[in-house]
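The values are calculated or read from the model by the stated rules, or taken from the named source; none is laboratory data. Being a predicted model, the structure only gives us computed values, none of them experimental. Glycine gets a Cβ as well: all are built from the backbone with ideal geometry, and neighbour counts include every protein chain shown. Each accessible area value is taken on the protein alone, full model and side chains, heavy atoms only, with ligands, DNA and RNA left out. Shrake-Rupley method; radii C 1.70, N 1.55, O 1.52, S 1.80 Å.
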Amino acid sequence: NYSRKTIESYLRYNHDLLRYHQKDPREITTDDIRAYLDYLSVDRGPSTVSVAYNALQFYYKHIWRRSFFYHLHHPKQPKRLPVVLSKEEIRRMINQTENPKHRCIMSLLYGTGMRVGEIVRLRMNYIDFDRGIIHIQRSKGSKDRIVMIPKSLYETLLNQQRLKKPIDFLF
């Protein structure tokens, strides 16, 4: 059940390992795998090395039933703080957006904390104007959740309700 791209990358990293060491797969050792992953980590990022690790682990642990990977560890991803815009920067960004639909999308993203995937699946009947909430269905992890309608968007969403059927998507 792997995607075509995953299969291709797994094959490529396994082939690359064998070419790097000029060995038969039966002759590969833990030290060979560690040396290859170290070689990759010189000019590639941790996520690339991690994909190579998974490719080799799948092949040698699950297909060949060899236990190399008890002594090897995934490369650590660096922890980076996200860039956080100030309220004024967000306000300026929204106000400079001329397209009303795009402005509404950006305001919903910021005002509710909804994800892009949640907004594109948002139907008019998920919006409860009486209670001032939006019911988000099948969110991350297939969970439902509820967010408040921002006061600044209440009138805009009410206008959309007049123009659309309850089963229509908002966007």
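The string of couplings for the range 77-88 from the Karplus curve (6.51, -1.76, 1.60, θ = phi - 60°) is 7, x, 8, 10, 6, x, 7, 10, 7, 6, 4, 5 Hz, one whole number per residue in order, with x for Gly and Pro.
Over the chain, with every protein chain in place, what whole percent of the accessible area is carbon and sulfur at 1.4 Å, could you tell me?
Accessible surface attributable to carbon and sulfur in the chain totals 52 percent.
Spherically averaged projected area of the convex hull of Cα atoms, the chain: 14.7 nm². The relative contact order of the range 52-155 comes to 15 percent, based on Cα pairs under 8 Å that sit 6 or more residues apart. Near residue 23, once Lys and Arg are set to +1 and Asp and Glu to -1 for all other residues with Cβ below 13 Å from its Cβ, the sum equals -3. Averaging the Cα positions of each part gives two centres, and for the range 103-144 and the range 17-90 these lie 37 Å apart. In the context of the full set of protein chains, residues of the range 1-65 present 65 Å² of accessible surface per residue (probe radius 1.4 Å, heavy atoms only).
Solvent-accessible area per residue in the range 67-122 equals 80 Å², computed with a 1.4 angstrom probe and all protein chains kept. For the range 101-161, take every pair of Cα atoms, bin their distances at 10 Å starting from 0, and report each bin as a whole percent. All Cα pairs, binned at 10 Å, distribute as 22, 64, 15, 0 percent. Return a whole-number percent for the relative contact order of the range 97-171, with Cα pairs under 8 Å and 6 or more residues apart as the contact set. Across the range 97-171, relative contact order equals 35 percent. Close amide H pairs (under 5 Å, H built 1.01 Å from N) link residue 123 with 170, residues at least 5 positions away or on another chain.
All other residues whose Cβ lies under 14 angstrom from that of residue 135 are scored, Lys and Arg at +1 and Asp and Glu at -1, for a net of +2. In this structure, residue 106 and residue 12 have a Cβ-Cβ separation that, at R0 = 35 Å, corresponds to a calculated FRET efficiency of about 0.30. Counting lysine pairs in the chain whose alpha carbons fall under 19 angstrom apart, excluding pairs fewer than 8 residues apart on the same chain, gives 5.
Summed over qualifying helices (DSSP H, 4 residues or more, each -39500 (n - 2.57)) and divided by its residue number, the chain shows a 222 nm mean residue ellipticity of -14500 deg cm²/dmol.
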